[in-house]
Every structure is written in C-alpha cells, then in structure tokens.
Amino acid sequence: MRFLPKEEKFFEQFNHQTRIIAQAAETLADGVTKGNSHLKLMAPRIEELEHEGDEVVHELFTRLNQTFITPLDPEDIHSLCSHLDDVLDGIEDVAHRLLSYRIDPIPGPIVQICKLIHDCSRELTKAVTALDDMPRIVQHCIEINRIEGEVDDIVRQSIVDLFDHETNPIQVIKLKEIYDYLESTADACEDVADALQNIVVKNS
C-alpha cells in the first residue's frame, strides 16, 4: 500500500545513495579484513564512491529546491539526505586514516566494527527501500540501533584495552582517533534510522 505522494525521483536517489554507502562499507570491511596493503588498493574505490555520493546529495538538494510538492516533508528530506552523507563521509574518513597513519596490522576490534558498519549499511538500504511501505521500516531501524549499540560496546572496551596495553603514545593517539571515527560513523547510521522513524510517525 502506498502511503506517500508519487514523486519517484526522490526515492530513486535515496536508494542510489544507500547502495553507494553499502558498496563503500563492504569495500572497507573487505579491505581491513585482508590487511593494510589490500586496503591501500581499495581506498581509491572508497574515495570514488564518496564523490559519487556527493553528486547524489547535490542532485537531491537541487531537486528539493525545485519541487513544489514533495513526497515527504522537505525538512525530513534534508535531514535524511544529510545523515546519509555523514555515513559515507565517515567510511571514507576511516579508510583514509587507517592508511595515512600506517596502521598495520589492523587491530581485530577495528575489523569487527567495520563489518558491523557494513551490516548497518545493508539495513539502511532495506529501510530506505521500504519508504513506500512504512510499517517495514521500523524493524530495520531497530536492527540499526542494535548494531550501533554493539559498536559502542566494542569501542569502549577497545579504548580501555588500548590505554592499558599500548605503550607507544603516538599509536594510542592514532588508534583512539580511528575508534572515534568508527563510533561517529555508527552514530550517523543511527541518525538515519531516527530520521526514518520520524518520517514514519509523521506519515502514519
């Protein structure tokens, strides 16, 4: 059953953006799993996807400014678009810092978190695809929130372990920053889920 006015282009662009995010998250997870040298080969693809995502964001904002009657509240479109962009930026930031800081080997918790962010990206794709069938969105948002909580737990424990066991202060600074970016990326996924749930409430 359709709940929203028909303006397919917005939904197509949202779906396009989430597919880009899922590709970038998968590339990052694959790269960190196989090691820094492999991630170095995959980093240009992540950067390329980030630029592609920026183009989609630009197109969405342009369309939003030119459309008189939108399928969602313009404020909600802006919020959803911005938070999706934050997720993609976060993925690119993590990849960049892992390479720039020459983190090798990549710690297990970072690999684990990157895989969870990939899981989150797949749930985002499913949730955004469900914008035409809103009752299905909530279950995906619940899963995104659960994954974000798991990331928080891993980050907190990893930082405790880092300060307990790492003797190189420069390495502590590098890894602490990467954990912060990973946590922010998971938080951005949760922000998307919150924006989607707000849309469900307004349109139910």
Going through the stretch 22-39 one residue at a time, which ones are among the charged types (D, E, K, R) and modelled with pLDDT under 95? LYS34
Identify, please: which residue in the stretch 94-119 is farther than 18 Å from ILE154 by Cβ and in a helix (DSSP H, G or I) and is, among those, nearest to the chain's Cα centre (by Cα)? ALA95
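Listed here are the residues, each with its yes/no results for (1) free of Cβ contacts under 8 Å to residues at least 24 places away in the same chain; (2) crowded, with 21+ Cβ neighbours inside 10 Å.
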{"site": "ILE110", "(1), (2)": "no, yes"}
{"site": "GLU148", "(1), (2)": "no, yes"}
{"site": "ILE173", "(1), (2)": "yes, no"}
{"site": "ASP191", "(1), (2)": "no, no"}
Only one of ILE110, ILE91, ILE103 that is closer than 20 Å to GLU47 by Cβ, among the hydrophobic types (A, V, I, L, M, F, W, C) and at pLDDT below 95: ILE103
If you go through the stretch 97-106 one residue at a time, do you hit one that is surrounded by fewer than 17 Cβ atoms within 10 Å (Cβ to Cβ), farther than 30 Å from GLN13 by Cβ and touching an Asp or Glu at 6+ places or on another chain (Cβ under 9 Å)? yes
Any hit, the stretch 43-53, residues being of a type in the set (A, V, I, L, M) and in contact (Cβ under 8 Å) with a residue 60 or more places away in the chain: no
Only one of these conditions is not met by TYR181: (1) within 17 Å of the chain's Cα centre (by Cα); (2) surrounded by fewer than 16 Cβ atoms within 10 Å (Cβ to Cβ); (3) of a type outside the set (Gly, Ala, Ser). Which number is it? (2)
Which members of the stretch 51-91 meet the condition of being buried (at least 20 other Cβ atoms within 10 Å of the Cβ) and under 19 Å from ILE110 (Cβ atoms)? VAL87, LEU88, GLY90, ILE91
Given the structure, is MET1 surrounded by 15 or more Cβ atoms within 10 Å (Cβ to Cβ) and either at pLDDT below 95 or out of contact with any Cys (no Cβ under 7 Å at 6 or more places or on another chain) (or both)? no
Meets criteria (modelled with pLDDT under 90, farther than 22 Å from VAL201 by Cα and more than 18 Å from the chain's Cα centre (by Cα)) for GLU75: no
Condition set in a helix (DSSP H, G or I) and among the polar types (S, T, N, Q), scope the stretch 134-183, selection farthest from ARG97 (Cα to Cα): answer is GLN139
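The values are calculated or read from the model by the stated rules, or taken from the named source; none is laboratory data. Everything quoted here is computed from the prediction, not taken from an experiment. Reconstructed Cβ throughout: ideal geometry from the backbone, glycine too, with neighbour counts over all protein chains shown.
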